[in-house]
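The values are calculated or read from the model by the stated rules, or taken from the named source; none is laboratory data. Not measured: the values here are computed from a predicted model. FYI the Cβ positions are ideal-geometry reconstructions off the backbone, even for glycines, and counts take in every protein chain you see.
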Amino acid sequence: MRYTLRQLEVFLVTAHFENVSRAANHLSMSQSAASGALKELESQFEIKLFERAGKRLRLNELGRQLWPRAEALLGQARDLEAGLLAHQELGQLKVGATLTIGNYLAVSIMSRYMAEQPGARVQLEVANTSAIVDRVLGFDLDLGLIEGEINHRDLELLPWREDELVVFCAPDHPLAGKARLDDDDLKAATWIVREPGSGTRQTFERGMHGILSDLNLLLELEHTEAIKRAVETGLGISCLSRVSLREAFRRGSLVPLAVPERDFSRDFYFVLHRQKYRSPGVERWLQLCRESRDQG
């Protein structure tokens, strides 16, 4: 074999940072060693993988073609190493989840996964849909659990489970006593909503089609719990996933509002990179997610 896994690793980290010095620091190598590994990889095959733009190294077309294949190969090598070290099949798993899924669904799945495989490690990263998608595209995550719909040629989107958003308010809010809200009620209300880029915001805007520009959006917050607290204090009404509101509805600290003329249904999805190796751990995680759906 005319290349080494270390050379591929230097190539990938350099592509990520667009800088050999930062790549070397990330890999705990000297800059000369990292530069040497990269030059040796290129010289062995008489190719160039980067174009220099000032102090930055940017992938050329050949480098962009090599990136996903090298990432997939290193992913398999890491899984093999983890299995050999831990004497188990699943190894380390890096999962990204949107805020609703991460806070209300993913932790229980992670608990089951780790209980099945003593010694297995799971890194759970929680962010909004756009951030998780970017991390999957960059090969930083093995898979993502997202709320929003995306379309990208390098990503595979798989349906997971159904969900719906619910409009809600504090029990002493003037709208709490109404049997149903019409468009005039929605336009007159003060709203506290999720930030742009979140799957919840995407579904909310779709559901409010035709009157979105007439809504009074007082606050945009990144965290579901912060929105719930703000609504409880009477700052306005909001619209979040039913999954995140079950306990508050049970306690009576928040109450649902019926909006029959508006459709807030949606799906949760798995998002995976088409070129990334799917380890046994990824497949088992997907299976556990589907089992949790079937169990309610």
Going by the conditions given, is LEU57 surrounded by 14 or more Cβ atoms within 10 Å (Cβ to Cβ) and outside any helix (DSSP H, G or I)? yes
Kindly indicate whether any position in segment 184-202 is surrounded by fewer than 14 Cβ atoms within 10 Å (Cβ to Cβ) and among the polar types (S, T, N, Q). no
What is the residue count in segment 43-81 for residues that are hydroxyl-bearing (Ser, Thr, Tyr) and either within 19 Å of ARG22 (Cβ to Cβ) or touching a strand residue (DSSP E or B) at 6+ places or on another chain (Cβ under 8 Å) (or both)? 0
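With GLU116, GLU125, GLU147 as the choices, which residue is acidic (Asp, Glu) and either free of Cβ contacts under 8 Å to residues at least 12 places away in the same chain or buried (at least 17 other Cβ atoms within 10 Å of the Cβ) (or both)? Show your work before the answer.
Values: GLU116 fails: either free of Cβ contacts under 8 Å to residues at least 12 places away in the same chain or buried (at least 17 other Cβ atoms within 10 Å of the Cβ) (or both); GLU125 fails: either free of Cβ contacts under 8 Å to residues at least 12 places away in the same chain or buried (at least 17 other Cβ atoms within 10 Å of the Cβ) (or both).
So the residue among GLU116, GLU125, GLU147 that is acidic (Asp, Glu) and either free of Cβ contacts under 8 Å to residues at least 12 places away in the same chain or buried (at least 17 other Cβ atoms within 10 Å of the Cβ) (or both) is GLU147.
Hey, any hits in segment 125-134 for a residue that's over 11 Å from the mean Cα position of the chain (by Cα) and either part of a loop (DSSP other than H, G, I, E, B) or in the same structural domain as GLN65 (by TED's automatic domain parsing) (or both)? Don't jump to the end; show me each part of the working.
Taking segment 125-134 as the starting set, the residues that turn out to be over 11 Å from the mean Cα position of the chain (by Cα) are none.
Scanning segment 125-134, I find no residue that is over 11 Å from the mean Cα position of the chain (by Cα) and either part of a loop (DSSP other than H, G, I, E, B) or in the same structural domain as GLN65 (by TED's automatic domain parsing) (or both), so the answer is no.
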Quick check on my filter: what residues within segment 236-281 are closer than 21 Å to ARG78 by Cβ and β-branched (Val, Ile, Thr)? VAL271
Which condition breaks for SER213 when tested against (1) in contact (Cβ under 8 Å) with a residue 24 or more places away in the chain; (2) over 18 Å from GLU149 (Cβ atoms)? (1)
Among (1) assigned by TED's automatic domain parsing to the domain that holds GLN117; (2) more than 22 Å from VAL126 (Cβ to Cβ), which single condition is ASN216 missing? (1)
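For segment 1-21: of the residues being in a helix (DSSP H, G or I) and free of Cβ contacts under 8 Å to residues at least 40 places away in the same chain, which is surrounded by the most Cβ atoms within 10 Å (Cβ to Cβ)? Break it down stepwise before answering.
Going through segment 1-21, the residues in a helix (DSSP H, G or I) turn out to be 5-17, 20-21.
Next, from what is left, pick out any that are free of Cβ contacts under 8 Å to residues at least 40 places away in the same chain: 6-7, 10, 13, 17, 20-21.
Values: ARG6: 14, GLN7: 20, VAL10: 26, VAL13: 20, PHE17: 16, VAL20: 22, SER21: 14.
By that ranking, first place goes to VAL10.
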May I ask you to list the residues in segment 139-172 that are in the same structural domain as SER108 (by TED's automatic domain parsing) and outside any strand (DSSP E or B)? PHE139, ASP140, LEU141, ASP142, GLU147, GLY148, GLU149, ILE150, ASN151, HIS152, ARG153, ASP154
Could you identify the single residue in ARG246, ARG274, ARG229 that is at pLDDT below 95, outside the structural domain of ILE101 (by TED's automatic domain parsing) and among the basic types (Lys, Arg)? ARG246
Would it be correct to say that GLU81 is part of a helix (DSSP H, G or I) and either farther than 19 Å from LEU137 by Cβ or at pLDDT 90 or above (or both)? yes
Is it the case, given these coordinates, that GLU225 is in a helix (DSSP H, G or I) and either surrounded by fewer than 17 Cβ atoms within 10 Å (Cβ to Cβ) or in contact (Cβ under 8 Å) with a residue 60 or more places away in the chain (or both)? yes
Restricting to segment 255-274, give me the number of residues that are under 30 Å from ASP140 (Cβ atoms) and not in a loop (DSSP other than H, G, I, E, B). 8
Output for Cβ contacts, cut-off 6 Å, separation at least six or different chains, first residue loosely packed, with under 15 Cβ neighbours inside 10 Å in segment 22-41, second not β-branched (Val, Ile, Thr), reads GLN31/SER21; GLN31/ALA24
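Between SER21, SER43, SER28, SER32, which is under 18 Å from ALA70 (Cα atoms) and among the hydroxyl-bearing types (Ser, Thr, Tyr)?
Details: SER21 fails: under 18 Å from ALA70 (Cα atoms); SER28 fails: under 18 Å from ALA70 (Cα atoms); SER32 fails: under 18 Å from ALA70 (Cα atoms).
Only one candidate qualifies: SER43.
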Give the residue, chosen from VAL255, VAL259, VAL231, that is within 18 Å of LYS178 (Cα to Cα) and in contact with a Pro (Cβ under 6 Å, 6 or more places away or on another chain). VAL255
